Amino acid sequence: MLMELFLNPHDERSMTVQLYEQLRNAITDGRLPTGARLVPTRSVAQDLGVSRSTVTDAYARLTAEGYVEGRRGGGSFVAGSIQPQPREEDAEAALVPTPAAAAIRRYDEVRTTRLYGEDLPTRARFDLTPGRTDPQLFPTTTWRRCMARALWQFPGQYADPAGSSALRLALSRWITQSRGVTTSPEKVVVTNGAGHAVDLVARVLLAPGDVAAVEEPGYPPVTNTLRTHGVTVVGVPVDEQGIVVDAIPPGVKVVYVTPSHQYPLGVVMSRARRLELLRWARRQGAAVLEDDYDSEFRHTPRPLEPLHRLDRDGHVIYVGTFSKILSPGIRLGFAVVPRALLPTVKAVRRAVDWCPPAVTDAALTSFIDEGHLARHLRRARRVYRDRHRAVCRALTLLQIPRVTRLASQAGLHVTVLAPGMPPDDELVARASQRQLLIGSLRPTYQFGDPRPGVVVGFGALATEDVPIAIATLEDCLV
Ligand SMILES: Cc1ncc(COP(=O)(O)O)c(C=O)c1O
């Protein structure tokens, strides 16, 4: 079994002792597991540039002390009798994060790490967490073909920081067609998802100490991203027309909104409010970040014009993502950026992570150009529309007094207000006993006074499981 061995010529211990100690430590802490074959002495001697006897002497000592045993047919193996003791992590407290970074909490902390560790999603029977998509719908065969072809064209160099011109062209055509956002390909910047687009915009438009506004309740990862830049984030309430523009405090330089489908309440921002927000941005010289994260999955016929389309003078940065359309694992999204900002956005992107992954970029280009995206969306829309209907129906039938389902016209989640539901830790514990994953509404209130409720994600829930999953949810709420 391979293991890196290091020899220090200035060490007062002999080469043989150094080798012996490194191998012994690897055996006792389990890095070399019982039964593992040690690399033959000749290869080790060659790799390290030492005489073979230096290595055979080390192996002989390990054998004499019972760490290693020879086997018939040759070779040295870690002895079966060894009980490895995993090594304590050393110097755990040597480095500390900044207070600002340490204050950031994972949005999914309660439902994942605190109760289950990282592998939670694999353990549940029903997954009602928001932000999931249906793995059964993922067009695996087609995507694999596009990826394989992209690998053959793989360039041996860093790509354009804004993404390939072919993908930007495909995206610009597609968003014009499907979302009414007219743009030229030059203004499209391919990102690693919507979150990364927000991060880039923050780097370009905000300095530490600046103030940015988000919706309250809202999408916590964006608040976290902004805070990592030393930005002061304020919450602005949302009413039945969307963000309350009058409540945006003075001095705000960037406001982040989800006008097509407010996260998590589901409100569609009214046209009057859209125009008011744009007037505000013009007056303040501020930017509006329009996150249109899930409008492909509209369950009612009439969409409202995106803010980007109503914007006459370049205050809106429009952000989209493939996290809902295809999968959050694809990590691709995009921003449509006003021309004046483009050189800086590209230079900053170059500085931070060079460019989008070229293979995925090329795969997505053919996926769109060859009509697979349109086909996939037609199918996914049908499935999610039926599932949305089933979830709304099941939630309407809940027998819990005062539980209200909020109106929902788009996307892969429905929000329920549930006054009197248990605290989040208990809710998640109850859910886990029933093999259910759920997302509480409370963490989406980031500026105090959270309303109890549940954001019912149905992306990863099989439609036939909806009634039983929602009945199980009901059990957890009472
Ligand atoms: C409001 C909102 N924006 C964006 C996203 C997706 O972000 P990303 O593209 O970084 O995966 C989500 C995912 O659930 C979301 O709820």
>> Based on this model, can you work out whether R378 counts as in a helix (DSSP H, G or I) and loosely packed, with under 14 Cβ neighbours inside 10 Å?
In response: yes
> T225 passes all but one of (1) surrounded by 20 or more Cβ atoms within 10 Å (Cβ to Cβ); (2) in contact with a strand residue (DSSP E or B) (Cβ under 9 Å, 6 or more places away or on another chain); (3) within 25 Å of F297 (Cβ to Cβ); which number fails?
Replying inline: (2)
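Could you grab me the full set of residues in region 176-196 that are of a type outside the set (S, T, N, Q), open to solvent by less than 70 Å² (accessible area, probe 1.4 Å) and at pLDDT 95 or above? Working first, answer last.
Pass one, region 176-196, residues of a type outside the set (S, T, N, Q): 179-181, 185-190, 193-196.
Subsequent filtering for residues that are open to solvent by less than 70 Å² (accessible area, probe 1.4 Å) retains 179-181, 185, 187-190, 193-196.
P185, K187, V188, V189, V190, G193, A194, G195, H196 - these are the residues of region 176-196 that are of a type outside the set (S, T, N, Q), open to solvent by less than 70 Å² (accessible area, probe 1.4 Å) and at pLDDT 95 or above.
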>> Any residue at all in region 156-163 that's assigned to a helix (DSSP H, G or I), at pLDDT below 95, out of contact with any Lys or Arg (no Cβ under 9 Å at 6 or more places or on another chain) and away from the ligand (no atom under 16 Å from the Cβ)?
In response: no
>> Give me the residue from region 250-283 that is part of a helix (DSSP H, G or I) and of a type in the set (G, A, S) and, out of that set, surrounded by the fewest Cβ atoms within 10 Å (Cβ to Cβ).
In response: A272
> Given the conditions (1) open to solvent by 20 Å² or more (accessible area, probe 1.4 Å); (2) closer than 12 Å to L477 by Cβ; (3) in contact with a strand residue (DSSP E or B) (Cβ under 9 Å, 6 or more places away or on another chain); (4) in contact (Cβ under 8 Å) with a residue 24 or more places away in the chain, and given that L406 satisfies all but one, which numbered condition is not satisfied?
Replying inline: (2)
>> So, in region 269-314, how many residues would count as being aromatic (F, W, Y) and touching a Ser or Thr at 6+ places or on another chain (Cβ under 6 Å)?
In response: 1
> Would you say A166 is away from the ligand (no atom under 16 Å from the Cβ), open to solvent by 40 Å² or more (accessible area, probe 1.4 Å) and assigned to a helix (DSSP H, G or I)?
Replying inline: yes
> Conditions: (1) open to solvent by 20 Å² or more (accessible area, probe 1.4 Å); (2) in contact with a Lys or Arg (Cβ under 8 Å, 6 or more places away or on another chain). A286 meets all but one. Number of the miss?
Replying inline: (1)
> Of the residues that make up region 201-220, is at least one surrounded by 19 or more Cβ atoms within 10 Å (Cβ to Cβ), free of Cβ contacts under 8 Å to residues at least 40 places away in the same chain and within 14 Å of the ligand (Cβ to nearest atom)?
Replying inline: no
> If you take the residues in region 303-325 that are among the hydroxyl-bearing types (S, T, Y) and crowded, with 24+ Cβ neighbours inside 10 Å, which one is nearest to the ligand (Cβ to nearest atom)?
Replying inline: T321
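The values are calculated or read from the model by the stated rules, or taken from the named source; none is laboratory data. Note that the coordinates shown come from a computational prediction; the quantities given were computed from them, not determined experimentally. Positions of Cβ are generated from backbone atoms using ideal geometry, with glycine treated the same way; all protein chains shown enter the neighbour counts. Accessible surface is based on the protein model in full, side chains and every heavy atom, while ligands, DNA and RNA are left aside. Shrake-Rupley method; radii C 1.70, N 1.55, O 1.52, S 1.80 Å.
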